[in-house]
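Contents: one structure, followed by commentary.
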Amino acid sequence: MNASALSTLDALERRYAAEAVAAPVQVHERNDWVGTSLSIAGVPLLIGEGLLEEIIETPKVMAIPGTKPWVMGVGSHLGGLIPILSGDVFFRRRPYSGRPRDYCMVLRRPGFHFGITLSGLERDMKFPAEQRDMQREVDPDFAPYTRGGFADGERFLAVLDIDSLIADSEFANAAASEAQMHEVGKE
């Protein structure tokens with residue numbers, strides 16, 4: 001190489017060194033768990049983002065004879081009918097009496113489209129995913145249907161696992177047994 005080429009290369013190197021911008025430092029983004037805080041049967045829970053179709057006012061229902069006690073009936077939703085289930089009766093396994101449940105969440109999964117009554121509705125929440133506690137005990141009536149949860153101040157919000165719920169054989173078969181049919185007749 002000749003001296004002219006070397007001096008040009010040297011000048012170019014000094015120019016880039018003087019004008020160079022430091023390479024950006026890669027910031028590791030925090031992986032957040034995002035969902036909605038709500039309550040079923042008085043138990044505060046979380047449901048993951050994208051799992052709810054929507055939250056609606058609990059529609060008037062028409063009873064369906066021959067179904068389990070937790071099936072309130074069918075209600076109108078977006079021009080069709082969906083089963084509306086009592087969250088209180090399904091999870092607590094006993095009749096509920098008290099203030100009417102004004103809202104329900106509508107869920108849709110392959111083969112399942114239904115509403116479950118809510119006892120409370122809060123807001124969307126965000127937690128660092130690494131803070132999910134998979135060991136903490138939750139309300140025994142909800143334990144089979146939850147997958148860990150997050151501490152929110154003094155309370156613990158278990159994450160409702162919709163897939164575990166719809167895989168439950170009790171939930172998947174809403175037809176009343178002979179014994180349940182006779183119990184209803186006695187009331």
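There is at least one residue in region 5-20 that is part of a loop (DSSP other than H, G, I, E, B) and either over 21 Å from ASP133 (Cα atoms) or among the polar types (S, T, N, Q) (or both). Listed by first and then second residue, the pairs with beta-carbon distance under 9 Å, at least 6 apart or on different chains, first residue in region 63-75 and at negative phi, second assigned to a loop (DSSP other than H, G, I, E, B) and buried (at least 21 other Cβ atoms within 10 Å of the Cβ), are PRO69/SER86; TRP70/SER86; VAL71/SER86; MET72/SER86. Tally time: how many residues in region 23-71 are loosely packed, with under 12 Cβ neighbours inside 10 Å and of a type in the set (Val, Ile, Thr)? Residues that pass the stated criteria total 2. Among the residues of region 97-155, how many are of a type in the set (Ser, Thr, Tyr), within 30 Å of GLU29 (Cβ to Cβ) and either exposed (fewer than 14 other Cβ atoms within 10 Å of the Cβ) or more than 16 Å from the chain's Cα centre (by Cα) (or both)? So the answer is 0.
A quick yes/no check of all residues on (1) among the hydroxyl-bearing types (Ser, Thr, Tyr); (2) without any contact (Cβ under 8 Å) to a residue 40 or more places away in the chain:
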{"residue": "LEU9", "(1), (2)": "no, yes"}
{"residue": "TYR16", "(1), (2)": "yes, yes"}
{"residue": "ALA20", "(1), (2)": "no, yes"}
{"residue": "SER37", "(1), (2)": "yes, no"}
{"residue": "LEU51", "(1), (2)": "no, no"}
{"residue": "GLU57", "(1), (2)": "no, no"}
{"residue": "LYS60", "(1), (2)": "no, yes"}
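Answer yes or no as to whether ARG94 is exposed (fewer than 13 other Cβ atoms within 10 Å of the Cβ) and not hydrophobic (A, V, I, L, M, F, W, C). It is true that ARG94 is exposed (fewer than 13 other Cβ atoms within 10 Å of the Cβ) and not hydrophobic (A, V, I, L, M, F, W, C).
From the list VAL89, VAL74, VAL61, the lone residue that is under 18 Å from PHE142 (Cα atoms) and either in contact with a Gly (Cβ under 7 Å, 6 or more places away or on another chain) or β-branched (Val, Ile, Thr) (or both) is VAL89. So, in region 1-22, of the ones that are surrounded by 10 or more Cβ atoms within 10 Å (Cβ to Cβ) and of a type in the set (S, T, N, Q), which residue ends up farthest from GLU49 (Cα to Cα)? Filtering first and then ranking leaves SER7.
Just so you know, all these numbers are worked out from the coordinates, no wet-lab data involved. On a predicted model such as this, the values are computed, not experimentally measured, just so you know. Here the Cβ is made from the backbone with ideal geometry for all residues, glycine too, and neighbour counts use every protein chain on show.
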